[in-house]
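**Q** Below are the structure tokens for one structure; questions will follow.
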Amino acid sequence: MLNINTSSQNIGKPEDRVDGPLKVTGAARYSAEIPTSGVLYGVMVMSTIANGTITSMDTSGAAGEPGVRTILTPFNAPKLPEQTSSRGTRVLSLLQNPTVFYNNQPIGLVIAETLEAAVHAANLVKVQYSEEKPATQMDVERLKAYSPEAANRDQTDSLRGDPDTAYAGASAKIENVYTTPVENHNPMEPHATIAAWDATGTKLTVYDSTQGVFGVQGTLARVFQIAPEDVRCVSYFIGGGFGCKGTAWSHVPLAAMAAKQMQQPVKIVLSRSQMFGMVGYRPETEQKISLGTDSSGKLVSTSHDVLTQTSTFDEFVESSAVATRMLYSCPNVVTSHTLTRLNLGTPTYMRAPGESSGTFALETAIDEMAIKAGLDPLVFRVQNYAETDENAKKPFSSKSLRECYIQGAKRFGWDQRSSVPRSRTTPDGLLIGCGVGTATYPANRGASSATARYMADGSAYILSGTQDIGTGTYTILGQIAADAMGIPVSNMRVEIGDTDFPQTPGSGGSMTAASTGSAVLEAGKAAKQAVIAAAIADASSPLYGLPADGIDIQNARIFSTTDSTKSEPVAVLIARQKLPYIEVKSKSEVSPEAAQYSKNSFGAVFTEVHVDPDLGIVRINRITGVYAIGKLLNAKTGRSQLIGGIIFGIGMALMEQTLIDPRSGRVLNADLAEYHVPVNKDIPVIDVSVVDEVDPYVNPLGIKGIGEIGITGVVGSIGNAIYNATGIRVRSLPITLDKLLS
Amino acid sequence: MNKTNLGDSVAPPIGDRLVGRNISDIAIVSHDGAVKRISDFAGRTAVVILSSTVWDPVARELNAQYERVLERFPEMGASLVEARRKYGDSDDRGDNEDELDVSVITSPSHEASLSKTLGISPAQSALLVIDEAGSIWWAHVFSAGASAKPDDLGDALHSLQEMKSRSHKGITRRQFLAASLASAFILTLSLEPVDKAQADVEKAPASVPRGMPIILNVNGEDHALAVDPRVTLLDALRERLSLTGSKKGCDHGQCGACTVHIDGRRVNSCLTLAVACQGKKVQTIEGMANGETLHPLQRSFIEHDGFQCGYCTSGQIMSAIALLKEPVGPADDDVREAMSGNICRCGAYPNIVDAIQSVRKQGVSNVSL
Amino acid sequence: MYPFEYKEAKDVASAIRAGTSGRFLAGGTTLIDLMKLNVERPTSLIDIGPLPLASVRELPSGGLSIGALVRNSDLANHPIVKKHYPVLAEALLSGASPQLRNMATTGGNILQRTRCYYFRDTSQPCNKREPGSGCSAIDGHNRIHAVLGTSSSCIAAHASDMCVAMAALDSVVVIKGPSGERRVPFVDFHLEPGSHPDRETVLQPGELITSVELPNLPFASRSHYYKVRDRASYAFALASAAVALHQDATGAIKDARIALGGVGTKPWRARASEKYLVGKMPTKENFRAAAEIALQGAKGYSDNEFKIELAKRTLVRTLTTVSRMT
């Protein structure tokens, strides 16, 4: 399982992002910006009711706007085959029927020659509805809640031991309800698609801002009943996703539908307000947690019941109770998820779906339990450390959480914390509070593939269909390949984001580095073997006839490990073969052996807040996060990723909330002025570090994903710090100042 | 204002200056290290596309699009010749006396001594049409950040097609020049199609309804265009001038991704009308580097990893460059406040502050433009 | 966006003539924003940018005349404003973002419109946008709405920070119109919604704000603006206070200027609180009593009841800060 015959010169180094020069000069082209001939602009018409039927759409005024070419509605749009819902795909709004399921649902598409004409015409379309009362509040619908078949990728419910009895007999216990609101991803780049059919109208190309080019390819093939090979999806640069670009949403097939009808490429770019509803969101949760301990503070009973919501026409489950099943040691645990159906859009994965909302609740409850049991919250966590995954009944492939707690506490200065709320103030009179939270995220991995290619000029290419959504994939795959192929990292070219390239999973579940990184490693090693084989067989090569295991490639030179005079540049070898390149395509699979282990990243997050005692204003003064994530591929981009997750968590803790008017189901703050994400001034110095961790089972590179773990644990840590500062326990997010006005 | 030249990009002086220069000796370095000269293509008309020097995956996509454009001109026998090609494609085409044999050569600017000879910055793109004798008949040099769109290539080839249809024996240089000037007009938006029978999708879009003729001065270059008064500066930059470095994040002045400089001040271009920018100097991210030399803040952002997905980055850097000349206090907290008009969802804020403070501590305050 | 004709104004007189049937465009940060939402639908825009209204000059009386086209950022950084009316500089710098402050003008800031979700969404009933259609906020989400000056027709809060400071300072708005020039005290310029929330100011068609005058108020140099919001920057006020205090050698308050933001349907001058404080010592109890007076008659709604207490505490905090200034 461990690497052999590859150097580790580049892995781990803080390499600059290779796409840096493009991004800082504004030259990186995102999907809407790829020059395309003859493109028309598509702007969607959106519903203004949440439940009902469109009885008529008057497009005459809109059609009169100069530059408008056509207006597609449910009454005239081309008929498509029936859609089905399945995991990984969504039920989309493709103008096939006049039903309205939620407010701000796509119900029409204007195609025009200029953007301003399309925007205005969409506004001029007059829609008549037959309206029904919408279901918009989880609280109102709770009696109709049902048990879904699965909670995202896990089981809906779980049970071990006898939690009720244990709870009844516990020395100390708590039971509370914790809530999280609807949240929207709001990547800086709105979704954007350019769809173009070829001259025969049978082959489709889309430039799409997506986390999954193959998923988009599959969705379009299904929607239009064409072969996947006839659909090409390209996504070179993506302006953030965080889960909302993980599946193809309605605008993608709509753009293709319009392009087919117009026989010209069609570009649809979502407005910011359209980002609230049709591209997924984190649903509301209401989480009831009860904990009980024995007299020494060891957990004897845990229950975690989640009520959440989905749309009326498709299902997504925010799996908030899943992490609770294994995060601490406890013999008696019961968890459940139930769903209500609301007239809102369908939710979707949003950065650490389940783990982020769930660890807010759990880490807050653990804090309350610790205090009730008379223990320091950190001591309590260590005392209830899970040595194995008690839910899956498997050993952990590696778990260095204890080291995280210890190193984190030291770096942070946890011993300065007072256990008495409102007992420490700054010189200005602000209340000081400290809190801790445990972070966790599964180390996912899927099958993936890549092609590694040595060129005749000394450079090397990696081709793989994965995506870089800001995660640094362009850079880390180059580092992995450079080590595997013995080519200087500056000569590596990584080509990704294209379904013409080898198949990979989407960029989600923090699994890209593990999955596609492993494939790149395999391909790189295999290509190296192929080059060595070519040298051995080439009578003109200094390595002719030598045994393969005595040959290596470093610094773009192939050489004998026993006689350094026998060497030549790889480029010369390849050119001599009259070949432009030597390449190997490899597929890497999840090893069956890895299935024996529970594979997770862990971390400890410490927060210090300063709270204004009169006005309730919370300022994060500092955060220290120490993580155990296996091997860190790139110290620079990895640190940025972890900090980014923490900042996402600060937003979740203190300010993010999608406001929905219960009467109309309308999102009221569908913009960036009133949907608050953190601004620069909100963010203090954030100290992140990783502990040394070698995991021989998780994948050949020994890496675990880090894209999402940053948002877990920190939200609870912040809430716990606020309690420590103020003595006020807030169990509903966001923790805004009005909740702290004593 | 020049009423006869309503193009989106009037051929800037550098383009005009190039016409007539013979470049048959100039070398283009091909991907396998072989040196080709323009004279290797003697006897054929060639279109040379010089692309920017920085690694860019989209360049490969554009080459693929150029090839699709060439498919629409089968009678020209045009072929795409990548000076940086990867595969051993042959670039020889059979000659037909009735055909104008066209080679379309793409090359990264810095690889081609063309750019140095012609005074084209390696960060710029250019489109050249070269006659059989190796002289430049038509040249179009794009602003930094803009690249030759398939439209532009189609227009250049269409102009050749026009000329071919006028003469069996060949075209005089004068005729070609006339036709290529006509094709320069084809690059405008507010025009009548040169040939009314054209329904081809590469042809010019319809004339701009409610169009007001304006001149936008962007990064030191004048651009004459006709715009609907509703068009924002941001949309004019992105959709009309192909300067997509400025980003649309919210379109309502709530995120800062669209930040540009107008007369030296940072503003949100999404709330600025294009028609209100006449007589003002607009600067975008594309104008911040000096050829291949990055602005110190651009370098600092790379060094400090001040971005992840990169979508807010143009706006962050435009804000940061302006900040250097604003009365902002020296502390990190002062920089945080001064940069709070640029939202970053990826959370690069701490690194952004470090990148800016690093440059401030070096005492850099001047933008060299 | 609805189509419109765009013209540049050549001079004030012709701008005023055109203004009877068109709208003035300055920085565009309110107008273009609302035009994109189809809330504003002018058929003609008169760009007043070229007009000579961008100077700041001292008045013979010792006050300050601020041209309507002075950019918010320039005004905030003006040495006289920073020294003699710091509350105004702080208020300006607390608003919006650096980019928006470079675009927004004095006149435009005065005329900015509410951030109420329902006002900005043409699919929702709104008496301000369409008189008689109803107020969606009263029984809807109203956390960011007003608690002072509301009516059964409208509870939208005024969002400007600059206006709060100008109201506190007894500024005067100078207006030119078809009937000539007139001067309106700042505190009378904005209207409470009453039964006509669609009418927000006293401006008549064709009238153009040409300048704002700050009086000669020596103790205004002892002033402060404090803004409380949901994130550290780039957000509107939940509650804010503009305060200037004149204290004698014993510390007793001789004169005060107080205005509140984020909580009123217009910039909220608190004259009764000012009167109360005259002659009083700068104690916490007196400040608290003044704050109680300022919020007298405040009415909270389902989501913003907290603003009443928050505004009181914000005012106490600001009074305390100013009272400790040298």
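The values are calculated or read from the model by the stated rules, or taken from the named source; none is laboratory data. Please read these numbers as outputs of a predicted model, since none were measured by experiment. As a convention, Cβ positions derive from the backbone with ideal geometry for all residues, glycine included, and neighbour counts pool all protein chains shown.
**Q** Filter segment B:216-229 down to the residues that are touching a residue at least 24 places away in the same chain (Cβ under 8 Å) and within 14 Å of chain C (Cβ to nearest Cβ), then identify the one that is farthest from B:Asp152 (Cα to Cα).
**A** For segment B:216-229, the residue satisfying everything is B:Pro229.
**Q** Next up: Name the residue that is farthest from C:Asp11 (Cα to Cα), counting only residues in segment C:25-67 that are within 13 Å of chain B (Cβ to nearest Cβ) and charged (D, E, K, R).
**A** C:Lys36
**Q** Here are C:Val263, C:Val228, C:Val243: which of them is farther than 30 Å from A:Asp671 by Cα and not charged (D, E, K, R)?
**A** C:Val243
**Q** Return the total of residues in segment A:90-144 being among the hydroxyl-bearing types (Ser, Thr, Tyr) and away from every other protein chain (no Cβ under 14 Å).
**A** The qualifying residues number 3.
**Q** Out of A:Ser235, A:Ser271, A:Ser303, A:Ser295, report the one residue that is within 23 Å of A:Gly497 (Cβ to Cβ), modelled with pLDDT of 95 or more and of a type outside the set (Lys, Arg).
**A** Going through A:Ser235, A:Ser271, A:Ser303, A:Ser295 in turn, just one is within 23 Å of A:Gly497 (Cβ to Cβ), modelled with pLDDT of 95 or more and of a type outside the set (Lys, Arg): A:Ser235.
**Q** Got a sec? Which helices (runs of 4 or more DSSP H) wholly within segment C:214-326 have at least 3 residues that are surrounded by fewer than 22 Cβ atoms within 10 Å (Cβ to Cβ) and more than 14 Å from every other protein chain (Cβ to nearest Cβ)?
**A** Filter on segment C:214-326 gives C:271-277, C:284-294.
**Q** Looking at A:Glu149 and the list (1) in contact with a helix residue (DSSP H, G or I) (Cβ under 9 Å, 6 or more places away or on another chain); (2) more than 29 Å from A:Gln641 (Cβ to Cβ); (3) assigned to a loop (DSSP other than H, G, I, E, B); (4) away from chain B (no Cβ under 14 Å), which single condition is not satisfied?
**A** (1)
**Q** Enumerate the strands (runs of 3 or more DSSP E) found wholly within segment A:161-226, keeping only those where 2 or more residues are closer than 15 Å to A:Ala255 by Cβ.
**A** Filter on segment A:161-226 gives A:192-197, A:204-208.
This table checks each residue for (1) crowded, with 17+ Cβ neighbours inside 10 Å; (2) over 15 Å from A:Ala534 (Cβ atoms).
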position: A:Ile558; (1), (2): yes, no
position: A:Ser564; (1), (2): no, yes
position: A:Ile574; (1), (2): yes, no
position: A:Pro580; (1), (2): yes, no
position: A:Ser586; (1), (2): yes, yes
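**Q** Test A:Cys244 against the stated conditions and say whether it is within 13 Å of chain B (Cβ to nearest Cβ), within 30 Å of A:Gln137 (Cβ to Cβ) and in contact with a Phe, Trp or Tyr (Cβ under 8 Å, 6 or more places away or on another chain).
**A** Numbers: within 13 Å of chain B (Cβ to nearest Cβ): yes; within 30 Å of A:Gln137 (Cβ to Cβ): yes; in contact with a Phe, Trp or Tyr (Cβ under 8 Å, 6 or more places away or on another chain): yes.
When the stated conditions are applied, A:Cys244 passes them.
**Q** Related question: Return yes when A:Lys587 is touching an Asp or Glu at 6+ places or on another chain (Cβ under 8 Å), among the charged types (D, E, K, R) and more than 30 Å from A:Met326 (Cβ to Cβ) and no when it is not.
**A** Yes; evaluated as a whole, the condition is true for this residue.
**Q** Also, I was wondering about something else. On the basis of being within 27 Å of A:Leu430 (Cα to Cα) and modelled with pLDDT of 95 or more, does C:Arg313 make the cut?
**A** Yes.
**Q** Of the residues C:Ile144, C:Ile209, C:Ile175, which single one is touching an Asp or Glu at 6+ places or on another chain (Cβ under 8 Å) and within 21 Å of C:Thr106 (Cβ to Cβ)?
**A** None of the others qualify; the one that does is C:Ile175.
**Q** Could you check how many residues of segment C:97-117 are more than 9 Å from every other protein chain (Cβ to nearest Cβ) and either charged (D, E, K, R) or over 12 Å from the mean Cα position of the chain (by Cα) (or both)?
**A** Going residue by residue through segment C:97-117, those that are more than 9 Å from every other protein chain (Cβ to nearest Cβ) are C:104-114, C:116.
Of the ones still in play, those that are also either charged (D, E, K, R) or over 12 Å from the mean Cα position of the chain (by Cα) (or both) are C:104-105, C:113, C:116.
Number satisfying all stated conditions: 4.
**Q** Let me ask something else. Sort through A:Leu124, A:Leu109, A:Leu115 and tell me the only one that's out of contact with any strand residue (DSSP E or B) (no Cβ under 8 Å at 6 or more places or on another chain) and under 30 Å from A:Ala63 (Cβ atoms).
**A** When all the criteria are applied, what remains is A:Leu124.
**Q** If a residue must be crowded, with 24+ Cβ neighbours inside 10 Å and either under 13 Å from the mean Cα position of the chain (by Cα) or closer than 19 Å to C:Leu295 by Cα (or both), how many such residues does segment C:118-147 contain?
**A** Matching residues across segment C:118-147 total 5.
**Q** Do you know which residues across segment B:296-328 are surrounded by fewer than 24 Cβ atoms within 10 Å (Cβ to Cβ) and under 14 Å from A:Lys23 (Cα atoms)?
**A** B:Arg299, B:Ile302, B:Glu303, B:His304, listed by residue number.
**Q** Give segment A:16-37 a look and list any residue that's in contact (Cβ under 8 Å) with a residue 24 or more places away in the chain and either under 13 Å from B:Glu61 (Cβ atoms) or assigned to a loop (DSSP other than H, G, I, E, B) (or both), or say none.
**A** A:Asp16, A:Arg17, A:Val18, A:Asp19, A:Ala28, A:Arg29, A:Tyr30, A:Ser31, A:Ile34, A:Thr36, A:Ser37
**Q** Going through A:Thr285, A:Thr312, A:Thr359 one at a time, which residue ends up being surrounded by fewer than 24 Cβ atoms within 10 Å (Cβ to Cβ) and within 29 Å of A:Trp249 (Cα to Cα)?
**A** Checking each option against the conditions leaves just A:Thr312.
**Q** Among the residues in segment A:674-692, are any in a loop (DSSP other than H, G, I, E, B), surrounded by fewer than 24 Cβ atoms within 10 Å (Cβ to Cβ) and more than 10 Å from every other protein chain (Cβ to nearest Cβ)?
**A** Looking for residues that are in a loop (DSSP other than H, G, I, E, B), surrounded by fewer than 24 Cβ atoms within 10 Å (Cβ to Cβ) and more than 10 Å from every other protein chain (Cβ to nearest Cβ), one finds at least one in segment A:674-692, hence yes.
**Q** Right, another one. Just for segment A:559-577: of the residues that are free of Cβ contacts under 8 Å to residues at least 60 places away in the same chain and not in a loop (DSSP other than H, G, I, E, B), which one is farthest from A:Met455 (Cα to Cα)?
**A** A:Ser560
**Q** If you check C:Tyr225 against the conditions, is it on the phi > 0 side of the Ramachandran plot, in contact (Cβ under 8 Å) with a residue 40 or more places away in the chain and touching a helix residue (DSSP H, G or I) at 6+ places or on another chain (Cβ under 9 Å)?
**A** no
**Q** Scan segment A:476-502 for residues that are closer than 19 Å to A:Glu522 by Cβ and within 10 Å of chain B (Cβ to nearest Cβ) and jot them down.
**A** A:Arg493, A:Val494, A:Glu495, A:Ile496
**Q** Also: Search segment A:118-140 for residues being over 29 Å from the mean Cα position of the chain (by Cα) and assigned to a helix (DSSP H, G or I), and hand back the single one that is surrounded by the fewest Cβ atoms within 10 Å (Cβ to Cβ).
**A** A:Val140
**Q** Residues of segment A:724-742 being away from chain C (no Cβ under 14 Å) and either in contact with a helix residue (DSSP H, G or I) (Cβ under 7 Å, 6 or more places away or on another chain) or of a type in the set (S, T, N, Q) (or both), which ones? Before you say what the answer is, go through the steps one by one.
**A** So the first thing to find is which residues in segment A:724-742 are away from chain C (no Cβ under 14 Å), and the list is A:724-727, A:729, A:731.
Within segment A:724-742, A:Asn724, A:Thr726, A:Arg729, A:Arg731 meet the criteria.
**Q** Against the definition (at pLDDT 95 or above and out of contact with any Cys (no Cβ under 9 Å at 6 or more places or on another chain)), how does A:Ile647 come out, yes or no?
**A** So A:Ile647 does not fit the description; no.
**Q** Across segment A:331-352, which residue is farthest from A:Pro106 (Cα to Cα) among those that are of a type in the set (A, V, I, L, M) and in a strand (DSSP E or B)?
**A** Here the answer is A:Val333.
**Q** Exactly one of (1) part of a loop (DSSP other than H, G, I, E, B); (2) more than 14 Å from chain B (Cβ to nearest Cβ); (3) surrounded by 24 or more Cβ atoms within 10 Å (Cβ to Cβ) is unmet by A:Asn10. Its number?
**A** (3)
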